[in-house]
Each structure stands twice: as structure tokens, then as C-alpha cells.
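For reference, the structure discussed in these notes is given below.
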Amino acid sequence: MSEILDSFKALATGFATTFRHLFRKPITEEYPEYKRPLPERSRARIVLTREPDGNERCVACYLCSAVCPVSCISMQSAEKHDGRRYAKWFRINFGRCIYCGLCEEACPTSAIQLTPDFENCKQDILTLVFEKKDLLADGPGKDKEYNFYKYAGVKTGAGNKGQHIKEKEPVNVRSNLP
Ligand code: SF4
Ligand code: SF4
């Protein structure tokens, strides 16, 4: 008898839930007509950002390509006359990228950033190989004020060695010799 009662109770609860939903406003989102704004930290299409003064942030240190679990980042480093390093070319194969965000975590200059733009599907997989010109954004992205070369400890237009933020004068190694 108690089993029959339990069954009726379960049925009544189910129907009551269905009945309640009949009078609720539908919450279906008609994509792509409506695009829900995603949080700033959503992990989708990758960009290379710039410092607040417009310089490229990437110093071609290879950390992002070393940490990438699917090896989809490649580049070639070069150096300007003022000592700034940069990527001569920089390539990401989005056909392989799994949007894990490890490259962004590893980047010391906040150059590489994942954005909420997930609409990056192509029929031809080869068009998912993005070059530097496709990746380079106009602005600083999430880390708006950060300028790596103000902390870097190398001689650049942003200061000499020992003149950067919270940086000490470099040690003269000869003074340490016995
Ligand atoms: S998000 Fe992950 S898989 Fe994609 S490029 Fe960065 S490290 Fe590689
Ligand atoms: S994007 Fe960042 S981690 Fe990758 S090479 Fe440039 S500076 Fe290094």
C-alpha cells in the first residue's frame, strides 16, 4: 500500500512541476539572433595585445608555445635596436587549440589573451591557421595598464637596468670574485 502511495506522490510532484512551468516566461535564447554577453574571462579566440602606449607586448619568449599541450603556437624571435624583443612571425593553429588558457597563464607580458569570441568556426580547417596580423589586437585587453618593460630589468626605451619599478641596480659580478 505504501508503495502505491509513494508512486502517486511522485506522479503528483512531477505533474505539479510541469504545471508550474506552464505559466513561466520561456527562457529559450534564439542564437544567433540573440548573443548572450559572456564573462570577460571566457576562454575562446586568442589575441595578441598591446601595451597602453601601443607597442606590441609579445617579447617572443616562447613560454606560451612551450606550455601549449597541443603544440599549436609557433613563432620566430627578433630584437630591435633598442633591445626590445618581438616576434618576427607568430602563428596559432586554431584547428588544434583546445582553449585551455595555459598560454595566457604562462605569458609574462600579458600579451597573449583568450577572449569571449567563440564564433571561430570554418569549413576549411586550413583557414584556422592565424598569422600575427590576424592575432594582433589594437588595445591592451584585460590587463589595461601593464607594461612589461617597466619591470623588465633590460635596457630599453622604458629605462636602463636597475631603473624599472621595484628593481635594484644590477650586481657587478666582478665585485663578487674572490
Ligand atoms: S589555449 Fe591551450 S591549446 Fe590553445 S594555444 Fe593556448 S595553450 Fe595551446
Ligand atoms: S605571447 Fe607571451 S608567452 Fe608567448 S612568446 Fe609572447 S611574451 Fe612569450
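What follows draws every value from the coordinates through simple rules; no lab data is involved. Quick caveat, the model's predicted, so the values are computed rather than measured. In this analysis, Cβ positions are derived from the backbone assuming ideal geometry, glycine residues included, and neighbour counts consider all displayed protein chains.
With charges only on Cβ, +1 for K and R and -1 for D and E, what is the dipole size of the chain about its Cα centre, in debye, rounded to 20? Roughly 480 debye, rounded to the nearest 20. Relative to the longest principal axis of the Cα atoms of the chain, the long axis of helix 2-22 makes an angle of roughly 60 degrees. GNM on the chain, alpha-carbon springs under 10 angstrom: the most fluctuating residue among Leu22, Leu135, Leu63 is Leu22. Comparing Asn147, Ala111, Thr127 along the charge dipole axis of region 100-154, the residue lying farthest to the positive side is Asn147, per the Cβ-charge model. Along the chain, the exposed loop sites are GluC sites (Glu not before Pro) outside DSSP states H, G, I, E and B with at most 11 other Cβ atoms within 10 Å, and the longest stretch free of them is 41-118. Loop-located trypsin sites (Lys or Arg not before Pro) across region 24-94 with a Cβ neighbour count of 12 or fewer within 10 Å are Arg24, Lys35, Arg41, Lys80, with loop assigned by DSSP. Applying the criteria of a DSSP loop state and at most 11 other Cβ atoms within 10 Å to the trypsin sites (Lys or Arg not before Pro) of region 132-167 yields Lys144, Lys166. First measure r as the distance between the Cβ atoms of Glu105 and Thr18, then evaluate 1/(1 + (r/R0)^6) with R0 = 45 Å and state the FRET efficiency to the nearest 0.05. Efficiency, rounded to the nearest 0.05: 0.50. Put in line by how crowded their Cβ is, counting other Cβ atoms within 10 Å and starting with the fewest, Phe118, Phe8 read Phe8, Phe118.
Between Ile27 and Glu40, the contour length at 0.36 nm per residue exceeds the alpha carbon distance by 2.4 nm. Distance between the 7 Å Cα→Cβ label points at Val129 and Ile4: 7.3 nm.
The charge dipole of region 83-178, taken about its Cα centre with unit charges on the Cβ atoms of Lys, Arg (+1), Asp and Glu (-1) only, comes to about 640 debye. Region 57-119 and region 158-178 have Cα centres lying 29 Å from one another.
DSSP assigns beta bridges within the chain; of those with both partners inside it, close to 95 percent run antiparallel.
Comparing mean-square fluctuations of Gln123, Gln113, Gln76 from a GNM of the chain with C-alpha springs under 10 Å, the top value falls on Gln123. Here the mean projected area of the convex hull built on the C-alpha positions of region 46-154 is 6.8 nm². Working from Cα pairs under 8 Å separated by at least six residues, relative contact order for region 46-154 is 38 percent.
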